[in-house]
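Visitor: The structure follows.
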Amino acid sequence: MQRVLPLLIDYSQNAFVPGRSITDNILLAQELLAASFSVSLNGSNHGFFKGGRGLRQGDPMSPYLFVLVMEIWNVLLRFRVQNSAEFQYHWKCKELGLINLCFADDVLLFCKAHLPSITIISDTLNEFAALSGLKVNPAKSQIIFSRAVQQERQQILEYLGFQEGALPIKYLGIPLTSSRLTLTDCRPYSTKWTHDWPGTPKPVLRW
């Protein structure tokens with residue numbers, strides 16, 4: 001019986017099976033529940049810190065898992081918007097039904113500067129944070145109003161706790177503006193191109 005037992009019993013069971021030990025369970029549980037990490041600075045590893053919740057940076061599965069997690073956020077947001085009589089789209093987004101754009105953890109949200117609409121988005125962010133542990137960092141978040149919005153501006157800023165931003169902003173390395181890009185907007189990219197690829201023709205940027 002002892003000879004065939006290891007072939008019959010799954011590797012998750014280590015009790016009373018020849019060649020398996022209780023220490024295997026202890027070591028695996030410790031690694032899974034109490035992982036610690038070090039940071040590489042200038043080619044050298046420094047210190048250890050305990051991991052919290054979330055995905056492990058550097059894990060090859062991390063990008064795919066993150067995309068799946070963010071899809072939950074998309075589903076929650078669309079469900080709330082579609083089941084609300086109060087949400088109002090940004091006037092340029094209504095025909096497309098566009099509420100947000102996501103690229104990893106870079107998120108753009110669009111709606112009318114209308115407190116009930118803002119409340120729906122904020123409630124969805126809070127619900128998603130409770131489910132995933134991924135929270136908005138107000139210090140790194142901005143809200144950008146159109147020039148026409150004055151009445152509810154301060155009320156919305158106080159409600160969200162975000163900073164007020166202004167266009168142009170940089171999104172995924174590219175400047176976003178409500179008007180045509182100027183030479184001043186593009187100069188940093190032209191300079192970088194010259195620095196990184198000297199002697200090569202500068203690209204023609206078109207928007």
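Visitor: If residue 104 satisfies all but one of (1) at positive phi; (2) modelled with pLDDT of 95 or more, what's the number of the condition it fails?
Guide: (2)
Visitor: Sticking with this structure for a sec: Check residue 203 against each of (1) modelled with pLDDT of 85 or more; (2) surrounded by fewer than 13 Cβ atoms within 10 Å (Cβ to Cβ) and name the one condition it does not meet.
Guide: Of (1) modelled with pLDDT of 85 or more; (2) surrounded by fewer than 13 Cβ atoms within 10 Å (Cβ to Cβ), only one is false for residue 203: (1).
Visitor: For a quick check of your reading of the model, give me the residue pairs whose first member lies in the range 137-157 and is farther than 17 Å from residue 89 by Cα and in the same structural domain as residue 119 (by TED's automatic domain parsing), whose second is loosely packed, with under 10 Cβ neighbours inside 10 Å and modelled with pLDDT of 90 or more, with beta-carbon atoms closer than 6 Å and at least 6 apart or on different chains.
Guide: none
Visitor: Say whether the condition of being modelled with pLDDT of 90 or more and within 18 Å of the chain's Cα centre (by Cα) is met by at least one residue in the range 168-190.
Guide: From the range 168-190, those modelled with pLDDT of 90 or more are none; that's our starting set.
No - not one qualifying residue is present in the range 168-190.
Visitor: For the range 55-72, what are the residues that are surrounded by 14 or more Cβ atoms within 10 Å (Cβ to Cβ) and modelled with pLDDT of 90 or more?
Guide: Passing the criteria: only 72.
Visitor: For the range 1-54, which residues satisfy the criterion of being of a type in the set (Gly, Ala, Ser) and modelled with pLDDT under 75?
Guide: First, the residues of the range 1-54 that are of a type in the set (Gly, Ala, Ser): 12, 15, 19, 21, 29, 34-36, 38, 40, 43-44, 47, 51-52, 54.
12, 15, 29, 34, 35, 36, 38, 40, 47, 51, 52, 54 - these are the residues of the range 1-54 that are of a type in the set (Gly, Ala, Ser) and modelled with pLDDT under 75.
Visitor: Every residue in the range 105-131 that is surrounded by 15 or more Cβ atoms within 10 Å (Cβ to Cβ), part of a helix (DSSP H, G or I) and not hydrophobic (A, V, I, L, M, F, W, C), please.
Guide: 117, 119, 122, 124, 127, listed by residue number.
A quick yes/no check of all residues on (1) under 21 Å from residue 70 (Cα atoms); (2) in contact with a Lys or Arg (Cβ under 6 Å, 6 or more places away or on another chain):
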position: 124; (1), (2): yes, yes
position: 137; (1), (2): yes, no
position: 143; (1), (2): yes, no
position: 147; (1), (2): no, no
position: 156; (1), (2): no, no
position: 159; (1), (2): no, no
position: 175; (1), (2): no, no
position: 179; (1), (2): no, no
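The values are calculated or read from the model by the stated rules, or taken from the named source; none is laboratory data. Note that the structure is a prediction, hence the values are computed from the model and not measured. Quick reminder, even Gly has a Cβ in these numbers, built from the backbone with ideal geometry, and neighbours come from all protein chains shown.
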